[in-house]
Amino acid sequence: MIVAIDGPSGAGKSTLAKRVARDLGFTYLDTGSIYRALALKILRRSVDLTDAAALSDIVSQTEIDLTERNGHLQVFLDGEDVSALIRTPEVSQMASKASALKIVRQRLLDLQRALGRRGDVVAEGRDIGTVVFPEAEVKIYLDASIEERARRRYEELRAAGREVSLAETVGEMQERDKRDSQRDIAPLCKADDAVAIDSSGLTADGVAQEVLQLIKRESSKIKNDRSLGT
Ligand code: DC
């Protein structure tokens, strides 16, 4: 089974996806971390995003892998554990910029699908239900108000020791939302068959319970259909 969770940054996708994956024993696939790992390499090498040849080289010569260890996701870039290094505002912005490019999306699409073949998965991102796994049995579109999303991200960054202001975080988030939802290829949008949930004012636990119920209902339906041979 594939559970697809899409939505803008700070909507609570990661918390929800990790929780659901843990409860069901599914693999957690954080597709944003793949874009982030590539963005880190682009920043380290100072690759100009308008330089098609350099971009093509970097995209074809990069190995990214995700593994889970003691319930924590580890992200490997060319064999190096970059799990913590990819969570900075600079990497967020570069991931958003690079992810608008066709060559980047094409290469990372194959990788996401290969990782998705590892079994039952809960995948989160921007285009999971629309492009990466349009056949997903359960699709959620998780959103929240900009104020709430920015406040959550601001608290996460402060807890990680970053000196950021709330106004700066709101500005960066609005910029990223705009870029992610207005790009030509696979923009952030709700799949027609996704269930929309607004997490503003809801607890993480409340959202997780709602989604777990949805998944239970869907899997009983699948089992029923199978036993009826439909
Ligand atoms: O989910 P995140 O904030 O870690 O994602 C970082 C960026 O990667 C996001 O701004 C857009 C891009 N992204 C994407 O284009 N498609 C995905 N499925 C996941 C992330």
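The values are calculated or read from the model by the stated rules, or taken from the named source; none is laboratory data. The structure presented is a predicted model; accordingly, all values stated were derived computationally and were not measured. In this analysis, Cβ positions are derived from the backbone assuming ideal geometry, glycine residues included, and neighbour counts consider all displayed protein chains. Side chains are part of the model used for accessible areas, which takes the heavy atoms of the whole protein and leaves out ligands, DNA and RNA. Shrake-Rupley method; radii C 1.70, N 1.55, O 1.52, S 1.80 Å.
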Would you mind finding the one in 137, 210, 156 that is open to solvent by 60 Å² or more (accessible area, probe 1.4 Å), farther than 18 Å from residue 9 by Cβ and either modelled with pLDDT under 95 or touching an Asp or Glu at 6+ places or on another chain (Cβ under 7 Å) (or both)?
137
Qualifying residues in the stretch 102-123 (those that are open to solvent by 10 Å² or more (accessible area, probe 1.4 Å) and within 10 Å of the ligand (Cβ to nearest atom)) - the one nearest to residue 43 (Cα to Cα)
105
So how many residues does the stretch 163-189 have that are in a loop (DSSP other than H, G, I, E, B) and open to solvent by 80 Å² or more (accessible area, probe 1.4 Å)?
2
Among 81, 65, 51, 57, which is within 17 Å of residue 118 (Cα to Cα), open to solvent by 30 Å² or more (accessible area, probe 1.4 Å) and more than 9 Å from the ligand (Cβ to nearest atom)?
65
Pick from the stretch 140-153 the residues that are in a helix (DSSP H, G or I) and within 22 Å of residue 21 (Cβ to Cβ): which of them is least open to solvent (accessible area, probe 1.4 Å)?
149
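Matching residues to (1) in contact with a Phe, Trp or Tyr (Cβ under 9 Å, 6 or more places away or on another chain); (2) in a loop (DSSP other than H, G, I, E, B):
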{"residue": "197", "(1), (2)": "yes, no"}
{"residue": "202", "(1), (2)": "no, yes"}
{"residue": "205", "(1), (2)": "no, no"}
{"residue": "209", "(1), (2)": "no, no"}
{"residue": "225", "(1), (2)": "no, no"}
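Condition check: within 15 Å of the ligand (Cβ to nearest atom) and within 30 Å of residue 223 (Cα to Cα). Does residue 21 satisfy that?
No, not satisfied.
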